[in-house]
Amino acid sequence: MRLTLPARALTGVLLCALPVTGCTTSGPDATTDQATASSDSQTRRAEPLPSAAVDPFGEAAAPSQAHLQGATLNQADLGEGRILKGPAHHPLPGDKVRTTDEPCTPLARLVAGSALGTPEATAGYNWRGNTGKDSEADKVTVTTVLAAYKADEATTATAALGTATDTCAQGFTYNAPDGRTKVTDITRALAPSGADEVMSLTATLDTAGPVTFVVARKGAVIATFRTEATAGDSTKPPAVPETLVRAQLALLG
C-alpha cells in the first residue's frame, strides 16, 4: 500500500509532556494526516500493540519482542524509499555507548542509535529515500529504533532525555564501537503529532555533520528516528520524512 501523506517539512507540534519549550497543540491538518496514516497502516496488523499490560502478579509488563517486530514498518506499508532490516540494523546495546559526561548519557544513546533508558525489548530498521523533489539532493538515511518498557520506565526515559537536552546543550563527546564522536549545536526543533509525548532536536556530529532526531512515546513504547543526510547540503539539518514517522507511529496503536 502507498501512503498518500505529503512529504513536507515538519510543522505541527504536539503538546509535550517533556520539559522542553516550543510545544503547542497540533493543527487540524496534522489531525487529518494522522488519521489517514493510522487507517492505512493498521489494515495489515490484526492485533493492537499492548501498552504495558498488567500481568497476573500486578506488575506492568512491557510489549514483547515479537510485538515490537510486528509493529515495525514493512516495505509494503510505505511505497517510497527502501526499508532495510536484519541483524545489521538492530539497535546498538546501550552499554556499548559511554561518555564521561554522565548527565549526557541519554543524548549519547540517542545519537549513537541506541534505545533510551532500560528497555525490555528493542527492534529497529533503516529507511533510505529522499525528502523532497530532488532525489539526489534530498537523500537521507533514517535509523529507527523501537523500545518497549515496563511500568513507568518509558516516561522516566523521556524525562531523562529532556533533562539531558538542557544540561548538555553546549555539547559533549561519547565513545561507541565505531569510535569517538563529538556532539555540538544541540537545539530543539518542531515535532510531528501522533504520540503521547514527542520532541525533536538537531545536533552537529564531527563524524556526520547536522543530524535531526524525533523521539516519540506511545504508551510503553518509545520510537526514535535519527535522520542523516547522505547527499546535498551537508551544512543544514536534514528534513525528517514525516510520512515515515506518521506511518510508524500509527502502527504503535
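Anything over 24 Å Cα to Cα? Flag those among 85/218; 96/139; 150/182, in the order listed. Please list the in-between numbers first.
Working: 85/218 22 Å; 96/139 29 Å; 150/182 32 Å.
The pairs that break the limit, which is 24 Å between Cα atoms, are 96/139; 150/182.
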request  = Taking the Cα atoms of segment 65-175, report the difference between the largest and smallest coordinate on each principal axis, in whole Å and largest first.
outcome  = 40, 35, 22
key: Estimated distance in nm for a label pair at residue 69 and residue 88, the labels positioned 7 Å out from Cα along Cα-to-Cβ   = 1.9
task = Can you pull the one-decimal nm distance between simple spin-label points at residue 205 and residue 236, each 7 Å off the Cα toward Cβ?
result = 2.1
task = Can you tell me how much longer the chain between residue 128 and residue 180 gets when fully stretched, taken as 0.36 nm per residue apart minus their C-alpha distance, in nm with one decimal?
result = 16.2 nm
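Taken together, the values in this text are just the output of simple stated rules run on the coordinates, not laboratory data. None of these values were measured; they are calculated from a predicted model. We place every Cβ from the backbone using ideal geometry, glycine too, and count neighbours over all the protein chains shown.
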